[in-house]
Amino acid sequence: MALPQEKRYTYADLLSWDDEVRYELYDGIPVALASPSFEHQVISGEIYRQLANYALGKPCHVVAAPIDVRLFEQDGDSPDDVDIVVQPDLLAVCDKSRIDRRGVRGAPDLVVEILSDSNRRNDQLVKYRWYQKAGVREYWIVDPVEKIVLIHTLEDGQYSSPNAYGASSTAPVGITEDCTVDLSLVFSGG
(Lines give C-alpha, C1' and ligand atoms only; values in the text may rest on other atoms or scores of the structure.)
Protein backbone atom coordinates (compact mmCIF):
# COMPACT_ATOMS: atom_id res chain seq x y z
CA MET A 1 0.00 0.00 0.00
CA ALA A 2 1.51 3.33 -1.03
CA LEU A 3 1.19 5.98 1.65
CA PRO A 4 1.02 9.71 0.94
CA GLN A 5 4.30 11.23 2.13
CA GLU A 6 2.90 14.65 3.00
CA LYS A 7 0.93 13.27 5.97
CA ARG A 8 2.43 12.58 9.38
CA TYR A 9 1.35 9.28 10.87
CA THR A 10 1.01 8.01 14.40
CA TYR A 11 1.16 4.64 16.08
CA ALA A 12 -2.65 4.51 15.79
CA ASP A 13 -2.27 4.61 12.00
CA LEU A 14 0.46 1.97 12.04
CA LEU A 15 -1.75 -0.38 14.06
CA SER A 16 -4.44 -0.18 11.36
CA TRP A 17 -2.16 -1.07 8.43
CA ASP A 18 -1.80 -4.43 6.72
CA ASP A 19 0.57 -6.70 8.62
CA GLU A 20 2.27 -7.93 5.44
CA VAL A 21 4.61 -4.92 5.39
CA ARG A 22 6.56 -3.98 8.52
CA TYR A 23 7.03 -0.28 9.22
CA GLU A 24 8.89 1.88 11.67
CA LEU A 25 7.79 5.47 12.31
CA TYR A 26 10.44 8.19 12.23
CA ASP A 27 8.85 11.37 13.59
CA GLY A 28 5.58 10.42 11.90
CA ILE A 29 7.15 9.27 8.63
CA PRO A 30 6.64 5.58 7.82
CA VAL A 31 9.75 3.63 6.84
CA ALA A 32 9.13 0.19 5.31
CA LEU A 33 11.49 -2.50 6.51
CA ALA A 34 13.07 -4.87 4.00
CA SER A 35 13.04 -8.58 4.72
CA PRO A 36 16.27 -9.58 6.43
CA SER A 37 18.86 -11.67 4.60
CA PHE A 38 19.66 -15.26 5.52
CA GLU A 39 22.99 -14.14 7.05
CA HIS A 40 21.17 -11.51 9.12
CA GLN A 41 18.77 -14.12 10.46
CA VAL A 42 21.55 -16.56 11.35
CA ILE A 43 23.41 -13.84 13.26
CA SER A 44 20.23 -12.65 14.96
CA GLY A 45 19.25 -16.20 15.86
CA GLU A 46 22.61 -17.00 17.44
CA ILE A 47 22.76 -13.82 19.52
CA TYR A 48 19.15 -14.43 20.59
CA ARG A 49 19.92 -18.06 21.53
CA GLN A 50 22.83 -17.06 23.73
CA LEU A 51 21.02 -14.15 25.40
CA ALA A 52 17.77 -16.06 25.92
CA ASN A 53 19.59 -19.07 27.40
CA TYR A 54 21.29 -16.76 29.88
CA ALA A 55 18.00 -14.99 30.73
CA LEU A 56 16.16 -18.21 31.69
CA GLY A 57 14.91 -17.77 35.25
CA LYS A 58 16.13 -14.17 35.41
CA PRO A 59 14.06 -10.96 35.36
CA CYS A 60 15.11 -9.80 31.88
CA HIS A 61 13.13 -10.78 28.78
CA VAL A 62 14.94 -11.19 25.47
CA VAL A 63 12.85 -10.63 22.32
CA ALA A 64 13.57 -10.80 18.59
CA ALA A 65 11.94 -8.65 15.89
CA PRO A 66 9.29 -7.89 14.99
CA ILE A 67 8.17 -6.06 18.10
CA ASP A 68 7.08 -2.44 18.36
CA VAL A 69 9.13 -0.24 20.67
CA ARG A 70 7.58 3.15 21.44
CA LEU A 71 10.74 4.78 22.76
CA PHE A 72 9.26 8.05 23.97
CA GLU A 73 5.72 7.02 24.94
CA GLN A 74 4.75 8.45 28.33
CA ASP A 75 2.14 7.35 30.86
CA GLY A 76 -1.24 8.49 29.60
CA ASP A 77 -0.20 8.70 25.93
CA SER A 78 -2.55 7.12 23.43
CA PRO A 79 -1.42 5.58 20.12
CA ASP A 80 -2.40 8.90 18.49
CA ASP A 81 0.30 10.64 20.57
CA VAL A 82 3.17 8.37 19.46
CA ASP A 83 5.09 9.13 16.26
CA ILE A 84 8.37 7.26 16.84
CA VAL A 85 8.17 3.47 16.71
CA VAL A 86 11.14 1.20 16.04
CA GLN A 87 11.58 -2.55 15.65
CA PRO A 88 15.07 -3.47 16.86
CA ASP A 89 16.49 -6.78 15.67
CA LEU A 90 16.88 -7.92 19.29
CA LEU A 91 16.21 -6.36 22.67
CA ALA A 92 16.22 -7.10 26.36
CA VAL A 93 13.84 -5.53 28.86
CA CYS A 94 14.44 -6.03 32.58
CA ASP A 95 11.54 -3.88 33.83
CA LYS A 96 8.29 -5.78 33.23
CA SER A 97 6.24 -2.58 33.60
CA ARG A 98 7.59 -1.49 30.20
CA ILE A 99 6.05 -4.51 28.46
CA ASP A 100 2.45 -4.44 27.25
CA ARG A 101 0.36 -6.36 24.74
CA ARG A 102 1.61 -4.20 21.85
CA GLY A 103 5.31 -4.39 22.66
CA VAL A 104 7.61 -2.17 24.69
CA ARG A 105 6.84 1.29 26.05
CA GLY A 106 9.99 3.29 26.70
CA ALA A 107 13.62 2.29 26.42
CA PRO A 108 14.69 -1.36 26.47
CA ASP A 109 17.78 -2.06 28.56
CA LEU A 110 19.65 -3.57 25.60
CA VAL A 111 19.13 -3.10 21.86
CA VAL A 112 20.94 -5.04 19.13
CA GLU A 113 20.78 -3.83 15.52
CA ILE A 114 22.33 -5.85 12.68
CA LEU A 115 23.49 -3.68 9.81
CA SER A 116 22.37 -4.24 6.22
CA ASP A 117 22.58 -2.10 3.12
CA SER A 118 19.02 -0.85 3.64
CA ASN A 119 19.34 0.12 7.32
CA ARG A 120 23.00 1.08 7.87
CA ARG A 121 22.44 4.86 8.02
CA ASN A 122 19.34 4.65 10.19
CA ASP A 123 20.93 2.25 12.69
CA GLN A 124 24.20 4.19 12.99
CA LEU A 125 22.77 7.71 13.06
CA VAL A 126 19.02 8.09 13.56
CA LYS A 127 18.40 5.19 15.94
CA TYR A 128 21.70 5.76 17.71
CA ARG A 129 20.54 9.26 18.71
CA TRP A 130 17.06 8.05 19.68
CA TYR A 131 18.36 5.13 21.74
CA GLN A 132 20.75 7.44 23.55
CA LYS A 133 18.05 10.08 24.19
CA ALA A 134 15.51 7.45 25.33
CA GLY A 135 18.00 5.92 27.78
CA VAL A 136 18.79 2.52 26.22
CA ARG A 137 21.57 1.40 28.57
CA GLU A 138 23.46 -0.65 26.00
CA TYR A 139 23.34 -0.47 22.19
CA TRP A 140 25.04 -3.10 20.02
CA ILE A 141 25.69 -2.46 16.34
CA VAL A 142 26.56 -5.71 14.58
CA ASP A 143 28.35 -5.47 11.23
CA PRO A 144 28.11 -8.81 9.35
CA VAL A 145 30.50 -7.67 6.61
CA GLU A 146 33.31 -6.58 8.93
CA LYS A 147 32.39 -9.30 11.47
CA ILE A 148 32.52 -6.85 14.34
CA VAL A 149 30.24 -5.75 17.17
CA LEU A 150 30.38 -2.20 18.48
CA ILE A 151 28.99 -1.88 22.00
CA HIS A 152 27.85 1.56 23.12
CA THR A 153 27.24 1.98 26.85
CA LEU A 154 25.18 4.82 28.29
CA GLU A 155 27.09 6.94 30.81
CA ASP A 156 25.57 10.15 32.19
CA GLY A 157 23.03 10.27 29.36
CA GLN A 158 25.60 9.86 26.56
CA TYR A 159 27.04 6.83 24.81
CA SER A 160 30.70 6.34 25.56
CA SER A 161 33.14 5.54 22.76
CA PRO A 162 32.20 2.04 21.63
CA ASN A 163 34.09 -1.07 22.56
CA ALA A 164 34.77 -3.19 19.46
CA TYR A 165 34.70 -6.98 19.46
CA GLY A 166 35.80 -9.11 16.51
CA ALA A 167 34.70 -12.52 15.25
CA SER A 168 36.96 -14.47 17.60
CA SER A 169 36.00 -12.46 20.71
CA THR A 170 33.61 -12.91 23.55
CA ALA A 171 31.47 -9.80 24.03
CA PRO A 172 30.32 -8.91 27.56
CA VAL A 173 26.69 -7.96 28.06
CA GLY A 174 26.97 -4.89 30.25
CA ILE A 175 23.40 -4.91 31.57
CA THR A 176 24.25 -8.17 33.38
CA GLU A 177 27.04 -9.17 35.72
CA ASP A 178 28.15 -12.36 34.04
CA CYS A 179 26.62 -12.82 30.58
CA THR A 180 28.79 -12.92 27.46
CA VAL A 181 28.14 -13.65 23.79
CA ASP A 182 30.56 -15.92 21.92
CA LEU A 183 31.06 -14.07 18.63
CA SER A 184 32.85 -17.00 17.01
CA LEU A 185 29.45 -18.74 17.01
CA VAL A 186 27.64 -15.56 15.89
CA PHE A 187 29.86 -15.06 12.84
CA SER A 188 30.48 -18.72 11.95
CA GLY A 189 27.71 -18.69 9.34
CA GLY A 190 25.57 -21.39 10.86
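Here is how the numbers come out for the structure above:
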read-out	value
In region 128-184, residue surrounded by the most Cβ atoms within 10 Å (Cβ to Cβ) [restricted to those that are among the small types (Gly, Ala, Ser) and farther than 20 Å from residue 40 by Cα]	134
Checking residue 98 against (1) surrounded by 23 or more Cβ atoms within 10 Å (Cβ to Cβ); (2) out of contact with any Cys (no Cβ under 7 Å at 6 or more places or on another chain); (3) farther than 17 Å from residue 122 by Cβ, the condition it does not meet	(1)
Criterion: within 14 Å of the chain's Cα centre (by Cα) and either more than 17 Å from residue 24 (Cβ to Cβ) or part of a helix (DSSP H, G or I) (or both) - qualifying residue of 129, 121	129
Any hit, region 94-103, residues being outside any helix (DSSP H, G or I) and within 28 Å of residue 38 (Cβ to Cβ)	yes
Set 113, 73, 24: member being charged (D, E, K, R), in contact with an Asp or Glu (Cβ under 7 Å, 6 or more places away or on another chain) and under 22 Å from residue 159 (Cβ atoms)	113
Breaking point among (1) at pLDDT below 95; (2) surrounded by 21 or more Cβ atoms within 10 Å (Cβ to Cβ), for residue 47	(1)
Out of 154, 185, 150, sole residue that is more than 18 Å from the chain's Cα centre (by Cα) and at pLDDT 95 or above	185
Residue match in region 11-20 (condition: touching a residue at least 60 places away in the same chain (Cβ under 8 Å) and either surrounded by 18 or more Cβ atoms within 10 Å (Cβ to Cβ) or among the charged types (D, E, K, R) (or both))	yes
Region 65-93, subset part of a strand (DSSP E or B) and farther than 22 Å from residue 16 by Cα, residue farthest from the chain's Cα centre (by Cα)	93
Among residues of region 74-93, those that are closer than 30 Å to residue 38 by Cβ and charged (D, E, K, R), counted	1
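The values are calculated or read from the model by the stated rules, or taken from the named source; none is laboratory data. Keep in mind the model is a prediction, meaning the values are calculated, not measured. FYI the Cβ positions are ideal-geometry reconstructions off the backbone, even for glycines, and counts take in every protein chain you see.
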